[in-house]
Protein chains: 2
Amino acid sequence: MRLRTTPGSAVPIYRQIVEQVRAQIARGELAAGDPLPSVRAVAEELVVNANTVAKAYGELVRSGDLVSEPGRGLFVAEKKPALSAVERRRRLRVAVERLVAEAISVGASREELDDALEAYCEHADVLRRADRDDHDRRIA
Amino acid sequence: MRLRTTPGSAVPIYRQIVEQVRAQIARGELAAGDPLPSVRAVAEELVVNANTVAKAYGELVRSGDLVSEPGRGLFVAEKKPALSAVERRRRLRVAVERLVAEAISVGASREELDDALEAYCEHADVLRRADRDDHDRRIA
DNA sequence: CCAACTGTACTATGTTGCACAGTACAGTTG
DNA sequence: CAACTGTACTGTGCAACATAGTACAGTTGG
């Protein structure tokens, strides 16, 4: 569990924690059933109030990413409740709209946008393409 | 000038105005030199405080999207000061990071993301590709 | 000239979200 | 039983947001 905070950021600390935990689960760094560090441990680690961590964990439980076993701790949920296809497309669309709006406002072209997306996915080794070509290339 | 607000939204009203004006300039709905409706007119239209509109306009002036002619009004700037290539790439990257994070959290694949991006650019007729193939396909 | 408009700059008030501190309690575990 | 777990309170401080009202300098059409 590696967590970090950006104190000066406009996004609240509890939200940063939520996003990072979600990202680590998505990347497989946290597997189903894995225990999470306690509220108080994270709070000490990040030099942050315990309530702030509890707020983040609570949101992750409500969203189904974590399960709470009272008295024992928090664990990564076995299966995150899959979003419906329509809901997934809807949220993807609003996220895309935001990105395109930013791209327009900085005066970037479609090609620059595609390049940036490709470069980030490549570098961060995330959201990899599932085609065989890519897989073979990595094995070779 | 078509503006709308989403009162329940987490993004502040003044920021919604900023984004919408920027988008309209980018789309060409507002051309360089075009006058903008007065602070008080927009405030009445949106049923919003004049200070809130002034705050949005002020930010647009500071960012170089609008120019202020004291006593006359606000106008779309002739040429928005082009961002440096590195700055453009930097801002594009953080925007891409946000999109990818959302894509991961909703469990979307890379292909779904690409499709959503393509579909939005196609539908909104925005950030069009500049290659000849695409152009020919549309003419045909 | 002047009334009516423009942007801009104040002061002040109320609400909301965020992070903090402290306390408390029920459940689990070595 | 002591030490840990999550959770739930109360209360405080701070900053951002939106509101209301007032004021002032510059421009412009009648």
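The values are calculated or read from the model by the stated rules, or taken from the named source; none is laboratory data. Please read these numbers as outputs of a predicted model, since none were measured by experiment. Here the Cβ positions follow ideal geometry from the backbone for every residue, glycine too, while neighbour counts run over all protein chains shown. Remember, those area values only see protein heavy atoms, side chains included, never the ligands or the DNA or RNA. Shrake-Rupley method; radii C 1.70, N 1.55, O 1.52, S 1.80 Å.
Quick rundown of the values:
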read-out: Criterion (more than 12 Å from chain B (Cβ to nearest Cβ), away from DNA strand D (no atom under 16 Å from the Cβ) and not aliphatic (A, V, I, L, M)) met by exactly one of A:Glu45, A:Glu78; value: A:Glu78
read-out: Residue in region A:19-31 that is within 14 Å of DNA strand C (Cβ to nearest atom), of a type outside the set (Ser, Thr, Tyr), without any contact (Cβ under 8 Å) to a residue 12 or more places away in the chain and within 14 Å of another protein chain (Cβ to nearest Cβ) present; value: yes
read-out: Total residues in region A:33-64, condition within 17 Å of A:Arg2 (Cα to Cα) and in a loop (DSSP other than H, G, I, E, B); value: 6
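Residues checked against (1) acidic (Asp, Glu); (2) open to solvent by 40 Å² or more (accessible area, probe 1.4 Å); (3) within 8 Å of DNA strand C (Cβ to nearest atom):
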{"residue": "A:Gly33", "(1), (2), (3)": "no, no, no"}
{"residue": "A:Ala43", "(1), (2), (3)": "no, no, yes"}
{"residue": "A:Val47", "(1), (2), (3)": "no, yes, yes"}
{"residue": "A:Asn51", "(1), (2), (3)": "no, yes, yes"}
{"residue": "A:Tyr57", "(1), (2), (3)": "no, no, no"}
{"residue": "A:Leu60", "(1), (2), (3)": "no, no, no"}
{"residue": "A:Glu69", "(1), (2), (3)": "yes, yes, yes"}
{"residue": "A:Leu74", "(1), (2), (3)": "no, no, no"}
{"residue": "A:Glu78", "(1), (2), (3)": "yes, yes, no"}
